[in-house]
Amino acid sequence: MRDGMGPDDIERQLRDSFDARARAGVPDGAMPPPPRFATAGAAPRRHGRWLAPLAAAAVVLAVVGTVLGLQSGSGHHGQQPVAGPSGRQTSPPVLQTSATAAPVDIRMVPVDGATYGVGMPVVAYFSQRFSSAKPLVAATSVTVSGKPVHAAWYFEKSAKPGYPVEGHLRMRDYWPAHVDVHVTVAANAITPATTVNFHTGARTIAVVEDAKHQMVVTSDDKSLGVFPVSLGTDSTPTGRGTKVIMAKQPSICLSGPGFHGCGIKYAQQLTFSGEYLIAAPWNAALGLRDTSNGCTNLTSADAEYLYRHLRVGDVVKYPDTTGPMMQVAGGLGDWNVPWAVWLKGGLIPTG
Amino acid sequence: MALLIAVAADDSLREQNVGQSLQERVPGAATVDIHGLYRAHWRYLVRLAVLLVDDTPSAEDVVQDAFIALHRRSGSLRDPDAALAYLRASVVNLSRSVLRRRQVARKHLKVAEPQTVAPADDSVLVRDEHRATLVAVRALPRHQREVLVLRYWSGLSEREIAQTLGISNGAVKSAASRGIATLHRVLGGAPDA
């Protein structure tokens, strides 16, 4: 215990606080909007160029609206990004979705052929808000290994610059294991046609039992093991609910209260707020007590094993932690929304 | 707030492990590739601006304006490093303008004050102890605040900070030490993190 803080502590705290504030303002996954210097002149047709190469490996339909298309087609003005500090549209006008409205340009990110965990939702970003999702819903069909299945869209505000809305598409339960999923969106009043195809791997579900300080992992109903963990302390509790692995990084930097370190290995990200499964060789309380800043601390060997055996889209449940309930927007929090609520469509009604 | 996962450039989503693709790539071309600079440094520059103006929408505007300024004079810049230094200095200058406008608005439009202060939006995502630090930093004189951000967040050297702010090395040094001293006084009694 120390009474006050020395200059070194202040410097460390400054680094941590600046880092936390910067990340809160611009999350790691934030994408640059189309640059205004480019839209000042010619039409910004080079979508693929400005999309930064970051991408958590979500299955994604990137729905990209070109300024030009909207301007010339829909007759809605005030959408064009304006060069100048006062030009920001804080609440863009709602795009009408009548049959005559010009479609938002749609662009599919080529993830075809990739394999994901069964908890992976399809994510699409929309450059404009629209008043009803009915045309999109009607145009969407999903098959699992060739057979039609019922999957539903759920919409929410997006923090991605230039994309006010995002849609998540999932079935009532996780995707079946070891299947091919095909999503087709036919041309409709909101978007042009697009498709995405991907595979699912094993049905791998991890349950982190805070009371027992252990993580139980099953894959296709076979046990992958039981691993001792240490979760967030009472003041920095790990969030509750069902999470999905959204990204994997062999080595990362993490900062938290009184802590900033790099070279943290076998990191599998679960929330935007910064909850990961990580190797925590410094933690002597694995299996005993909760001592972390919210991350799920594992031994180096276990973290490496899980890094090799879990994939993006695999499900990690936290039924009994004391932190806030996982929200859809907190990461891939889709499975915390009851199906009846999901079917209503969220931000944009689907009925 | 919302989900921000995914999306990628044309081929960068092939791999499922996004670790590598998260690395920002700096263009190594001989001439300034402004699109490349934009892709590589947008996030860094917006974060820098967030730390200076304390709200994301203003920060994004600042960065757009900085790139527009660079675009206008891109003919005269050949070196990507020089271009980044130029962008950084633009971000600092434009952030000052934002703060100045905010202050003017506050003086003359008392009734509008609630709207003219920085929106609290995403700073609520920051934990309490960080918020205390950030509030203390915000209360510092402008130069000190800028120096601390460039030093402890951007990790710039004294000389680079001096060039960015257009002040002497000595001025950087004294602003940093005065800033730290004030923070020490203000935050000194805080319990150990």
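None of the figures in this text is laboratory data; all of them are computed from the coordinates on show. What you see is a predicted model; the values in this text were computed from it and never measured. Glycine gets a Cβ as well: all are built from the backbone with ideal geometry, and neighbour counts include every protein chain shown.
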- prompt: For the range A:146-231, what class follows from the C-alpha gyration tensor (a ≥ b ≥ c being the square roots of its eigenvalues): rounded when a/c is under 1.5, otherwise prolate if a/b is larger than b/c, else oblate?
  reply: oblate
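Kirkwood hydrodynamic radius of the range B:126-188 from all distinct Cα pairs, in Å?
Details: mean 1/r = 0.0844 Å⁻¹.
This gives a value of 11.8 Å.
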task: Find the lysine pairs in the range A:204-320 meeting two conditions, Cα atoms under 22 Å apart and a separation of 8 or more places or different chains, and report how many there are.
output: 10
field: Placed amide H near A:Thr296: partners under 5 Å, 5+ positions off or other chain
entry: A:Tyr276, A:Leu277, A:Ile278
query: According to the square roots a ≥ b ≥ c of the eigenvalues of the Cα gyration tensor, what is the shape class of the range A:204-320, taking rounded for a/c under 1.5, prolate for a/b larger than b/c otherwise, and oblate for the remainder?
result: rounded
- prompt: Between A:Phe272 and residues 5 or more places away or on another chain, which pairs have amide H atoms under 5 Å apart, with H built 1.01 Å from N, and which residues are they?
  reply: A:Gly331
statement: Karplus ³J(HN,Hα) for the range B:47-55 (6.51 cos²θ - 1.76 cosθ + 1.60, θ = phi - 60°; Hz, whole; x = Gly/Pro) runs 5, 4, 5, 4, 5, 8, 9, 6, 8
- line: Other residues with Cβ under 12 Å from the Cβ of B:Lys173 give, with Lys and Arg +1 and Asp and Glu -1, a net charge of +2
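Would you tally the net charge around A:Ser230, using a Cβ to Cβ cut-off of less than 14 Å, leaving A:Ser230 out, and scoring K and R as +1, D and E as -1?
Numbers: positive: A:Lys212, A:Arg289; negative: A:Glu209, A:Asp210, A:Asp234, A:Glu275, A:Asp290, A:Asp302.
Here the count lands on -4.
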query: In whole Å, what is the distance between the alpha-carbon centres of the range B:144-193 and the range A:206-249?
result: 41 Å
- line: Sorted by chain and number, the residues with a modelled amide H under 5 Å from that of A:Gly225, at a separation of 5 or more or across chains, are A:Val217
